[in-house]
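The structure under discussion appears below in the form of C-alpha cells.
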Amino acid sequence: MAKKAAKKAAPKTAPKTSAPAKRAKAEDQSSNLYEGMVPVARLKDKDTYRHIVSILVDNEAGVLARVIGMIAGRGYNIESLTVCEVDRERGLSRINLATLGTHQIIEQVKAQLGRLVPVHVVRDLTDDGPSVARELALVKVGGVGDKRVEALRIGDIFRANVVDSSTQSFVFEVVGTTEKVDAFIELMKPLGLVEVSRTGVAAIARGAAGIEKK
Amino acid sequence: MAAQAASKAPRVKADAAPSEELFVGARIILKALEEQGVEVVFGYPGGAVLPIYDELFKQNRIRHVLVRHEQGAVHAAEGYARSTGKVGCVLVTSGPGATNAVTGLMDALMDSIPVVCLTGQVPTHLIGNDAFQEADTVGITRPCTKHNYLVKDANLLAQTIHEAFYVARSGRPGPVVVDLPKDVCMAMGHYTTAPRGTQRKQHKTYQPKTKPEASAVAAAVALMASAKRPLFYTGGGIINSGPKASALLRELVELTGFPITSTLMGLGAYPAAGDKWLGMLGMHGTYEANLAMHGCDVMINIGARFDDRITGNLKFFSPDSKKIHVDIDASSINKNVIVEIPVIGDCTVVLEEMIALWKAKRYQADQKALKAWLRQIAEWQGRDCLYYEQKGKLIKPQYAIQRLYELTKNRETYITTEVGQHQMWAAQFYRFEHPNRWLTSGGLGTMGYGLPAANGVQMAHPDALVVDIAGEASIMMNIQELSTAVQYRLPVKVFIINNQYMGMVRQWQELLHGSRYSESYSEALPDFVKLAEAFGCVGMRVSDPAKMDDTINEMISVNRPVVCDVMVDPKENCFPMIPSGKAHNEMILGSDKTGKAITGEGLALV
Ligand SMILES: Cc1ncc(C[n+]2csc(CCOP(=O)(O)OP(=O)(O)O)c2C)c(N)n1
C-alpha cells in the first residue's frame with residue numbers, strides 16, 4: 001500500500017508545489033474546517049498535485065492501521081509514508097504522508113483523519129505555507145571499471161555517502177528532496193543500479209511554530 | 001509501533017484516583033456500565049464472555065435481553081438508542097459473536113447511532129494463535145466502528161468503557177467496540193469512576209466542536225435573509241442532537257416562513273402536519289420537495305450529508321443555489337457537494353444562534369419573493385405525486401400503510417421498517433409529528449433491521465405501540481427475534497406488506513432490466529400466521545381491502561407480539577422515483593390525479 005509510486009510523472013507534478021503561494025488570494029470566502037477560511041473557488045480547483053500531510057497521533061496499538069485503513073478505504077492514494085515515535089514522554093508518533101489530490105480531496109483527507117480518536121493534529125504542509133521535506137535512500141550499484149568510477153563521481157556530486165563497498169558494488173546513502181533522490185537513482189540506472197531502499201518523505205514546516213501551534 | 005500499547009496511559013482524564021479496593025474484571029465492567037447509566041444490555045452469551053454473564057447473574061441493576069442472533073442485538077440497541085437518545089449497549093462473545101454483530105455495527109455507523117458493543121475475546125496469551133473462537137475483532141470492526149479498543153489490563157477496564165461511552169455519544173454519534181479478553185475479565189483490578197462535571201468533556205484528542213464560528217453563523221443567517229427561493233433541507237443530525245433541536249427547528253421555520261423538506265433519517269424533526277412541510281426528498285421523495293431542491297436559490301442543510309439517495313446526479317444537483325451546511329462532522333462538509341457556507345457545530349447550538357441572530361438583526365424574508373416561491377411550490381404540490389387508487393379486490397400497499405397511520409396516529413406510536421418498497425411507502429404515507437418515533441436503516445439499507453429494532457424500542461417504551469412495517473423478504477432475515485419478543489413480553493407488531501416479491505428489486509428489474517425478474521420472487525414463503533403461532537405470537541392475515549381497518553384495530557388491541565400478514569397487490573411500484581444517475585427534475589411519477597394510467601413501461605418522465 002505504501003509503496004512508492006513510479007516516479008516517471010515527477011516533472012509533471014513537481015512544479016505545482018509552488019502553487020499555494022500564487023493562489024493565496026481569497027475569492028468568495030467561506031469558513032474552513034480547521035484554519036479559518038478557504039475560498040470556494042479553490043475547493044473547486046481541479047488541479048491535482050502532491051501534498052505532504054503530517055499527522056501527530058497517539059502511539060497506541062493499531063493507530064497506523066487506523067490511519068492507513070481510512071485512507072485506503074476511502075480510495076485516496078498514498079505515495080509515501082513515514083512513521084516513527086517523536087515524543088516518548090507523551091507517547092506521540094508522527095506520520096508523514098505524501099499523497100496526490102486536489103485541494104478539496106486533501107481537505108477531505110484532513111477532515112477524515114481529524115476525526116479519528118487518537119489523532120491530535122493534521123497539517124497539510126504543502127498548502128499551509130513553506131516547509132522542508134527530505135528523504136533518505138540506500139542505493140546499491142554494481143559494476144566494474146569505468147562505470148564504477150563514474151558512479152563514485154556522481155555520488156560525490158550528490159553528496160552521497162558510500163556506506164558499503166565491495167569489489168563489485170557500492171551502497172550509496174543519499175539524502176534530499178524526493179526530486180533529488182529520483183534524479184540520483186535515474187543516473188545510476190545505466191551504471192549498474194541493483195536495488196533501492198527509500199524511507200519516504202519526512203517533512204516539517206519552516207519557521208518557529210511547531211505542528212501543534214496554529 | 002503497536003508494541004507498547006498495552007500499558008499506555010488512557011486518554012480520558014480520570015478525575016478520581018483508582019479505587020483502593022480490588023474487583024474482578026467482569027465486575028468492573030458491570031460497575032462501569034452502571035455508572036454510565038445503562039439499564040438494558042442486548043446480548044448473547046458464549047465462552048469468552050462467561051465471566052461477564054456470571055457477574056450479570058449476581059446483580060439486578062442491569063437487565064439483559066437475550067436476543068436470538070447477535071445482529072439482532074445491535075439493531076435492538078440501535079432501536080433503544082434512537083428512540084431514547086441514550087447510548088445502546090450490546091454484549092456478545094468472541095469470534096462468531098463478534099462477526100455476527102458486524103452488520104449491526106456498520107448500520108449504526110452509517111446512521112450515526114450511539115452504541116457500545118462489548119465483545120468477548122480469547123485470553124491475551126492466545127491472541128494471534130488461531131485459538132478456538134478467535135477473530136481479530138479490533139481489525140474486523142475498525143472500519144465499521146467510530147472507534148474500538150482492545151483492553152489488556154483489568155486496571156484499564158473502567159476508564160476504557162467510560163471513554164467508549166464518551167466517544168459513542170459525543171460529536172457525530174456512532175458505534176464503539178470494546179474487545180475484552182477473557183483473562184482480563186477474570187483478573188483483579190482497580191475501578192476508576194468516570195470523569196465528571198467540567199472534566200466530562202476533557203479528552204486528550206477527541207473533542208468535537210459543538211459551538212460554531214460566529215462568523216459562519218452570521219454569514220449563514222445573512223444569506224438566508226437575502227433568499228428569494230429558500231429551502232430547509234434537514235436530516236438525522238437534528239434527531240441525534242436531541243428533541244431541543246427539533247423544537248428549535250420548528251421555531252426557525254416559523255420565524256422565517258421558509259419551506260422545509262427532510263431526508264429519510266430526519267422525518268419527525270419538523271411535523272408532517274406543519275404548513276411548510278414538503279414531505280421527504282430524494283430518490284423516492286415527493287415531486288414538490290425534489291423540484292424545490294432543484295429550483296431553490298438558498299439551501300439550508302441542517303444535519304444532513306448530501307447522500308447520493310438525496311442528490312441524484314451531482315452534476316445537476318440544485319444548480320442555482322448557494323448552500324449552507326450545518327454539520328457536527330467536519331468531514332461531511334464539501335465531501336459530496338461544495339458549499340458556500342459551512343457551519344461546523346451541534347444542530348441545537350447552531351439553531352439557537354441562528355434564531356437569536358435572526359431576531360437581533362430583525363431580519364425579514366423577502367415576502368414578495370417568498371410568496372411567489374410558495375405559490376410555485378403549491379403548484380407542484382397540486383400534482384399530488386403520491387396519488388394512488390384503492391380499487392378492486394387487492395389491497396394497495398399504500399392503502400395498508402395509510403390506514404395504519406390513520407388508526408394509530410393518536411397514540412404514542414413508534415414505527416420501524418425493514419428495507420424495500422414498504423420502507424419508502426412508510427416514509428411517504430406514515431406522517432411523523434415528533435422526533436425519535438421513526439426508526440429505519442437509511443445509510444446501510446439493512447434488511448432485517450426492523451424487528452430487532454422494534455424490540456429495542458419496546459424495551460425502552462413498554463407502553464407505546466411499536467410497529468415494524470416489513471416486507472415478506474426482509475422479515476425473514478431476522479425472524480428469529482420474534483422469540484425474543486415473546487420471551488420478554490414485548491408486544492411489537494410486525495406489519496408485513498406482503499407483495500410476494502422483493503418488491504424494490506422487482507421494481508428496478510422492471511424499470512432497468514427489461515422486466516427480467518431474476519430471483520426476486522419470494523418463492524416458498526412460510527405461512528406467516530402459523531409461523532407466528534409457532535413462535536408463540538398472534539398471527540393474522542388480511543387480503544380484503546374492506547377488512548383492512550378491522551384487522552389493524554384487532555392487531556393494536558392485542559397486548560402480545562403480533563405478525564400481521566397483509567396480502568397486497570404484488571405489482572405495485574413505488575413512485576415518485578429518481579432513477580440512479582438522474583437529476584431531481586428527471587423524476588418518474590406514477591399516475592397523476594387525473595387517473596391517467598401508466599401505459600406499460602411508458603412511465604411519465606418529468
Ligand atoms: C441485507 C440485505 N440484502 C440485500 C438487500 C438488497 N435489497 C434491497 S430491497 C430488497 C427487497 C426487499 O424485499 P421485501 O422485504 O419483500 O420488501 P419490498 O421491497 O417488497 O417492500 C433487497 C433484496 C438489502 N437491502 N439488504
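Assorted remarks:
- The range B:133-151 - residue that is more than 15 Å from B:V184 (Cβ to Cβ) and in a helix (DSSP H, G or I) and, of those, nearest to the chain's Cα centre (by Cα): B:C144
- Filtering B:Q402, B:Q390, B:Q381 for residues that are in contact with a helix residue (DSSP H, G or I) (Cβ under 6 Å, 6 or more places away or on another chain), away from every other protein chain (no Cβ under 14 Å) and within 16 Å of the ligand (Cβ to nearest atom) leaves a single hit, B:Q402.
- Checking each residue in the range B:539-558 for being surrounded by 14 or more Cβ atoms within 10 Å (Cβ to Cβ), assigned to a helix (DSSP H, G or I) and without any contact (Cβ under 8 Å) to a residue 40 or more places away in the chain picks out B:T551, B:E554.
- Total residues in the range B:509-538, condition free of Cβ contacts under 8 Å to residues at least 40 places away in the same chain, outside any loop (DSSP other than H, G, I, E, B), more than 30 Å from B:P576 (Cα to Cα) and within 16 Å of the ligand (Cβ to nearest atom): 0
- Residue check for B:H203: within 13 Å of chain A (Cβ to nearest Cβ) and surrounded by fewer than 23 Cβ atoms within 10 Å (Cβ to Cβ): yes
- The set of residues from the range A:55-89 being within 21 Å of B:T160 (Cα to Cα) and surrounded by 19 or more Cβ atoms within 10 Å (Cβ to Cβ) comprises A:V57, A:D58, A:N59, A:E60, A:A61, A:V63, A:R66, A:V67.
- Selection from the range B:464-483 of residues that are assigned to a loop (DSSP other than H, G, I, E, B), of a type in the set (A, V, I, L, M) and within 15 Å of the ligand (Cβ to nearest atom): B:A473, B:I479
- Residues being at pLDDT 95 or above and either assigned to a loop (DSSP other than H, G, I, E, B) or within 11 Å of chain B (Cβ to nearest Cβ) (or both) - total across the range A:71-85: 3
- Against the list (1) surrounded by fewer than 24 Cβ atoms within 10 Å (Cβ to Cβ); (2) more than 29 Å from the chain's Cα centre (by Cα), the condition B:G171 fails is (2).
- Residue list for the range B:484-508, filter: more than 8 Å from the ligand (Cβ to nearest atom), charged (D, E, K, R) and over 21 Å from the mean Cα position of the chain (by Cα): B:R489
For every residue, the table says whether it meets (1) at positive phi; (2) open to solvent by 20 Å² or more (accessible area, probe 1.4 Å).
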| residue | (1), (2) |
| --- | --- |
| B:Y80 | no, no |
| B:V87 | no, yes |
| B:G95 | yes, no |
| B:T99 | no, yes |
| B:G104 | no, no |
| B:M110 | no, yes |
| B:V115 | no, no |
| B:G120 | no, no |
| B:H125 | no, yes |
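- The residues in the range B:428-448 that are touching a residue at least 40 places away in the same chain (Cβ under 8 Å) and more than 12 Å from the ligand (Cβ to nearest atom) can be counted, and the count is 11.
- Single unsatisfied condition, A:V132 versus (1) within 14 Å of chain B (Cβ to nearest Cβ); (2) at pLDDT 95 or above: (1)
- Residues of the range B:559-598 that turn out to be surrounded by fewer than 16 Cβ atoms within 10 Å (Cβ to Cβ), modelled with pLDDT of 85 or more, among the basic types (K, R) and in contact with a Phe, Trp or Tyr (Cβ under 9 Å, 6 or more places away or on another chain), as a count: 1
- Residues that are within 16 Å of the ligand (Cβ to nearest atom) and over 28 Å from B:G242 (Cβ atoms) within the range B:86-134 comprise B:T99, B:N100, B:V102, listed in sequence order.
The values are calculated or read from the model by the stated rules, or taken from the named source; none is laboratory data. Just so you know, these numbers come straight off a predicted model, no measurement behind them. We place every Cβ from the backbone using ideal geometry, glycine too, and count neighbours over all the protein chains shown. The accessibility values were calculated without ligands, DNA or RNA, using every heavy atom of the protein model including side chains. Shrake-Rupley method; radii C 1.70, N 1.55, O 1.52, S 1.80 Å.
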